[in-house]
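Presented below is the structure to which this report refers.
The values are calculated or read from the model by the stated rules, or taken from the named source; none is laboratory data. Just so it is clear, the structure is predicted and the values come from calculations on it, not from any experiment. Positions of Cβ are backbone-derived with ideal geometry, glycine not excepted, and every protein chain shown enters the neighbour counts. Note: areas computed on protein heavy atoms with side chains; ligands, DNA, RNA excluded. Shrake-Rupley method; radii C 1.70, N 1.55, O 1.52, S 1.80 Å.
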Amino acid sequence: MTIKEIEQEIIDEFEIFGEDWEGKYGHLIDLGRSLPKIKEEYKTENRIIKGCQSKVWLHSEVKDGKIVYTADSDAIITKGMVALMIRVLSGQKADDIVSAELDFINKIGLKEHLSPTRANGLVSMIKQMKLDALALSRSTNYEPPTKN
Amino acid sequence: MFDINIIRKDFPILSKTINGKPLIYFDNGATTQKPKAVIDALVKYYSEQNANIHRGVHTLSREATILFEEARKNVAKFIGASEEELIFTAGTTDGINIVASGLNLPGGSEIIVTEMEHHSNILPWQLWCERNNGKLKFIPLNKDGTLQVEKLNELITPNTKVLAITHVSNTLGIINPVKELVKTAKEKGLIVLIDGAQSVPHMKVNVQELGADFFVFSGHKVYAPTGVGVLWMNKNWISKLQLVKAGGGTIKTVSFEKTEYADGTLRFEPGTPNIEGVIGLAAAIHYVNAIGIESISNHEHTLLEHATKQLNEIKEVEIYGNTKNKAGVISFNVKGAHPFDVGTLLDKYGIAVRTGHHCTQPLMSCLHIPGTVRASFAMYNTLEEVDQFIEALKKSIKMLS
Ligand SMILES: Cc1ncc(COP(=O)(O)O)c(C=O)c1O
């Protein structure tokens, strides 16, 4: 699926909660809980995204020419947001990741997580995911995807 | 008379709703809301009284100067000081920086602070130490968050010149035994600065009785506008403290070669001061005086006890600094949950608390935690709000477990 398609899937998924923020956050927390574990050896100081009140570790690598992310956080709501970002961006092509607008966050009513406060890590996280994608796709041993 | 319903009506922002729920503002340690009396004073100042001070001969300037100097008198009186010892600053941080840079300590001096200091009472001293080969030492804490008061004596060496301590911990709410600490420090000839950012809003303070050399606080934490604060110094320092900033309004005469500075507090207030801030601060103090700081203190204590009792009954909650002698601040964590999660959910319930390290990272590392959830009270908070906060917290815990 494309980034846009996955975003739409998430929007549909959150639609059922309507104005029920408790349901929405409950779902977010569940998503956080079910985020696949990052390898312990990746939870290093240099993989911590700066600017988060809660810690976020992000590991990015290339698989079959696509960018694959794994991540973790010590706060469960943050982890839920991380899970959403990974669902949308992981396994996509670097160019698509870099140009993704990601306005689904707004549409599912979680835009407070995009506020530019220092406490909030989502903005830094998105930036880091894009930077990693760019860096990996420009590295010398990068091989573009064979099929689309 | 302390009538909470009347008080609440004085604060326009309290009728605001957050996420469809009435705002419950428990982040008063960060900054307090402003009563209409303060907001009106600012509007009146700009509508009817605005002029630069200490300069013009014209009526408006004269009147603005009188307002400003009246403010100095009233703010000084509020902390038991004389107006000749009271300097207006931009806030607590500004005041500490002015002192740390102006003391003219010999290189290699040692400065003692505590492990519970706000970064604003660490960094200015750390910077001085870095530049002057000095050494910063910390009074350690007991397990319950109180200071190991007896350790002060051991830390003092012939090179120790300064003790800089917070009156009340912004993170834990603990009231430090400053008189005792000042006494010990003074016996050893130290210069003492007290950070009153969290004491002035919550309790009666008398700087003469405390016996320190310097006392600083911020207006915005005591119902006044942001950007204004107070540096009180014992009168011996008025002529002795080195100037860190210089400029217009601080002089007797200036020539190209040499400047003769004005006597007294004006030396420390170069440039056009924050006149509106000072007038707002005076209005805030006037308002606090009308309610009575003791009544405010008692009320906040009732809230603190009510909150502590209920938090203690929630088995997942751990309170930090759960001691007797506290101002209206309570810091806690929910076991197994990050403070950020708790704060995010409480916000959804319309409750504003602070989460994180509260600019006290050394304290957080002492406690081995990434941060806390902090509820801090002001005169306008109610027992019902505490109950709603506890309800919301219980719901949040359920969602997180
Ligand atoms: C104990 C303490 N000291 C210093 C400060 C810094 O105050 P300001 O930011 O107003 O300069 C604060 C504010 O959070 C504080 O609580």
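Do we find that A:ASP96 is at pLDDT 85 or above, open to solvent by 10 Å² or more (accessible area, probe 1.4 Å) and within 14 Å of chain B (Cβ to nearest Cβ) in this structure? Can you show your working first?
On the way: at pLDDT 85 or above: yes; open to solvent by 10 Å² or more (accessible area, probe 1.4 Å): yes; within 14 Å of chain B (Cβ to nearest Cβ): no.
So A:ASP96 fails the test.
Among the numbered criteria (1) open to solvent by 20 Å² or more (accessible area, probe 1.4 Å); (2) at pLDDT 95 or above; (3) not in a helix (DSSP H, G or I), which single criterion is violated by B:ASP144?
The number of the failed condition is (2).
Scan (1) of a type in the set (Lys, Arg); (2) touching a residue at least 12 places away in the same chain (Cβ under 8 Å); (3) open to solvent by 70 Å² or more (accessible area, probe 1.4 Å) for the single condition B:ARG72 breaks and write down its number.
For B:ARG72, the exception is condition (3).
State all residues of the stretch B:356-371 that are closer than 18 Å to A:ALA75 by Cβ and within 14 Å of the ligand (Cβ to nearest atom); if no residue qualifies, say none.
Matches in the stretch B:356-371: B:GLY356, B:HIS357, B:HIS358, B:GLN361.
Among residues belonging to the stretch B:122-135 that are outside any helix (DSSP H, G or I) and away from the ligand (no atom under 15 Å from the Cβ), point out the one that is most open to solvent (accessible area, probe 1.4 Å).
Here is the first cut: in the stretch B:122-135, the ones outside any helix (DSSP H, G or I) are B:122, B:133-135.
Next cut, away from the ligand (no atom under 15 Å from the Cβ) only: B:133-135.
Values: B:ASN133: 130, B:GLY134: 23, B:LYS135: 109 Å².
Restricting to residues being outside any helix (DSSP H, G or I) and away from the ligand (no atom under 15 Å from the Cβ), the top hit is B:ASN133.
List pairs: first in the stretch B:337-363 and among the aromatic types (Phe, Trp, Tyr), second buried (at least 24 other Cβ atoms within 10 Å of the Cβ), Cβ under 6 Å, 6+ apart or cross-chain?
Within 6 Å, the pairs are B:PHE340/A:SER54; B:PHE340/A:ALA75; B:PHE340/B:THR355.
Of the residues in the stretch B:153-178, how many are touching a Ser or Thr at 6+ places or on another chain (Cβ under 9 Å), among the hydroxyl-bearing types (Ser, Thr, Tyr) and surrounded by fewer than 24 Cβ atoms within 10 Å (Cβ to Cβ)?
Number of matching residues: 1.
Check the stretch B:224-239 and report whether any residue there is more than 13 Å from the ligand (Cβ to nearest atom), part of a loop (DSSP other than H, G, I, E, B) and open to solvent by less than 20 Å² (accessible area, probe 1.4 Å). Lay out the reasoning, then the answer.
Taking the stretch B:224-239 as the starting set, the residues that turn out to be more than 13 Å from the ligand (Cβ to nearest atom) are B:232-239.
Subset that is part of a loop (DSSP other than H, G, I, E, B): B:234, B:239.
Checking the rest, the ones that are also open to solvent by less than 20 Å² (accessible area, probe 1.4 Å) come to none.
No, every residue in the stretch B:224-239 fails to be more than 13 Å from the ligand (Cβ to nearest atom), part of a loop (DSSP other than H, G, I, E, B) and open to solvent by less than 20 Å² (accessible area, probe 1.4 Å).
Could you tell me whether any residue of the stretch B:53-72 is closer than 19 Å to B:SER199 by Cβ, touching a Phe, Trp or Tyr at 6+ places or on another chain (Cβ under 8 Å) and not in a helix (DSSP H, G or I)? Steps first, please.
If we filter the stretch B:53-72 for residues that are closer than 19 Å to B:SER199 by Cβ, which is where we start, we get none.
Among the residues of the stretch B:53-72, not one is closer than 19 Å to B:SER199 by Cβ, touching a Phe, Trp or Tyr at 6+ places or on another chain (Cβ under 8 Å) and not in a helix (DSSP H, G or I), which makes the answer no.
Yes/no per residue for (1) assigned by TED's automatic domain parsing to the domain that holds B:ASP195; (2) at pLDDT 95 or above:
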{"position": "B:VAL244", "(1), (2)": "yes, no"}
{"position": "B:ALA282", "(1), (2)": "yes, yes"}
{"position": "B:GLU300", "(1), (2)": "no, yes"}
{"position": "B:GLU313", "(1), (2)": "no, yes"}
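When you scan the stretch B:273-286, do you find a residue that is open to solvent by 60 Å² or more (accessible area, probe 1.4 Å), within 30 Å of B:LEU42 (Cα to Cα) and touching a Lys or Arg at 6+ places or on another chain (Cβ under 9 Å), even just one?
no
Across the stretch B:87-121, what is the number of residues that are within 15 Å of the ligand (Cβ to nearest atom) and away from chain A (no Cβ under 14 Å)?
Matching residues across the stretch B:87-121 total 22.
For the stretch B:87-113, what are the residues that are among the aliphatic types (A, V, I, L, M) and open to solvent by 10 Å² or more (accessible area, probe 1.4 Å)?
At the first step, the residues of the stretch B:87-113 found to be among the aliphatic types (A, V, I, L, M) are B:87, B:90, B:96, B:98-100, B:103, B:105, B:111-113.
Selection gives B:ALA90, B:ILE98, B:LEU103, B:LEU105.
Exactly one of these conditions fails for B:LEU367: (1) within 14 Å of chain A (Cβ to nearest Cβ); (2) buried (at least 17 other Cβ atoms within 10 Å of the Cβ); (3) out of contact with any Ser or Thr (no Cβ under 6 Å at 6 or more places or on another chain). Give me its number.
Every listed condition holds for B:LEU367 apart from (1).
Give the residues of the stretch A:48-70 that are open to solvent by 60 Å² or more (accessible area, probe 1.4 Å) and away from every other protein chain (no Cβ under 14 Å), sorted by residue number. I'd like the intermediate steps shown before the answer.
In the first step, residues of the stretch A:48-70 are kept if they are open to solvent by 60 Å² or more (accessible area, probe 1.4 Å); the result is A:50, A:55, A:63-64.
Residues satisfying the conditions are A:LYS50, A:LYS63, A:ASP64.
Against the condition surrounded by fewer than 24 Cβ atoms within 10 Å (Cβ to Cβ), β-branched (Val, Ile, Thr) and at pLDDT below 90, how does A:ILE86 come out, does it pass? Write out each step before concluding.
Values: surrounded by fewer than 24 Cβ atoms within 10 Å (Cβ to Cβ): yes; β-branched (Val, Ile, Thr): yes; at pLDDT below 90: no.
No, not satisfied.
Closer than 18 Å to A:LEU134 by Cα and hydrophobic (A, V, I, L, M, F, W, C) - does that describe any residue in the stretch A:16-38?
Keep residues of the stretch A:16-38 that are closer than 18 Å to A:LEU134 by Cα, which gives none.
No; the residues of the stretch A:16-38 include none that is closer than 18 Å to A:LEU134 by Cα and hydrophobic (A, V, I, L, M, F, W, C).
Assuming B:PHE138 fulfils every condition listed in (1) in a strand (DSSP E or B); (2) within 12 Å of the ligand (Cβ to nearest atom) apart from one, which condition is it?
Single failed check for B:PHE138: (2).
Within the stretch B:370-392, how many residues are open to solvent by less than 30 Å² (accessible area, probe 1.4 Å) and within 14 Å of chain A (Cβ to nearest Cβ)? Let's see the steps before the verdict.
Here is the first cut: in the stretch B:370-392, the residues open to solvent by less than 30 Å² (accessible area, probe 1.4 Å) are B:371-382, B:385-386, B:389-390, B:392.
With within 14 Å of chain A (Cβ to nearest Cβ) added as a condition, the list becomes B:371-374, B:392.
So the count comes out to 5.
Can you tell me how many residues within the stretch B:327-353 are within 16 Å of the ligand (Cβ to nearest atom) and surrounded by fewer than 24 Cβ atoms within 10 Å (Cβ to Cβ)?
If we filter the stretch B:327-353 for residues that are within 16 Å of the ligand (Cβ to nearest atom), which is where we start, we get B:327-331, B:352-353.
With surrounded by fewer than 24 Cβ atoms within 10 Å (Cβ to Cβ) added as a condition, the list becomes B:352.
Residues flagged as within 16 Å of the ligand (Cβ to nearest atom) and surrounded by fewer than 24 Cβ atoms within 10 Å (Cβ to Cβ) within the stretch B:327-353 amount to 1.
Regarding the stretch B:297-316, can at least one residue be identified that is in contact (Cβ under 8 Å) with a residue 60 or more places away in the chain, open to solvent by 10 Å² or more (accessible area, probe 1.4 Å), not in a helix (DSSP H, G or I) and not charged (D, E, K, R)?
Yes.
Restricting the search to the stretch B:183-208, which residues are more than 12 Å from the ligand (Cβ to nearest atom) and under 21 Å from B:GLY229 (Cβ atoms)? Before the answer, list the steps.
To start, the set of residues in the stretch B:183-208 that are more than 12 Å from the ligand (Cβ to nearest atom) comprises B:183-192, B:203-208.
Result: B:ILE191, B:VAL192, B:MET203, B:LYS204, B:VAL205, B:ASN206, B:VAL207, B:GLN208.
Would you mind finding the one in A:LEU35, A:LEU84 that is outside any helix (DSSP H, G or I), away from chain B (no Cβ under 13 Å) and either within 26 Å of B:HIS358 (Cβ to Cβ) or hydrophobic (A, V, I, L, M, F, W, C) (or both)? Explain how you work it out, then say what you get.
Numbers: A:LEU84 fails: outside any helix (DSSP H, G or I).
When all the criteria are applied, what remains is A:LEU35.
Name the residues in the stretch B:143-164 that are within 15 Å of the ligand (Cβ to nearest atom) and farther than 26 Å from B:VAL353 by Cβ, would you? Step through it out loud before you land on a result.
Here is the first cut: in the stretch B:143-164, the ones within 15 Å of the ligand (Cβ to nearest atom) are B:145, B:147, B:164.
B:ALA164, the sole residue that qualifies.
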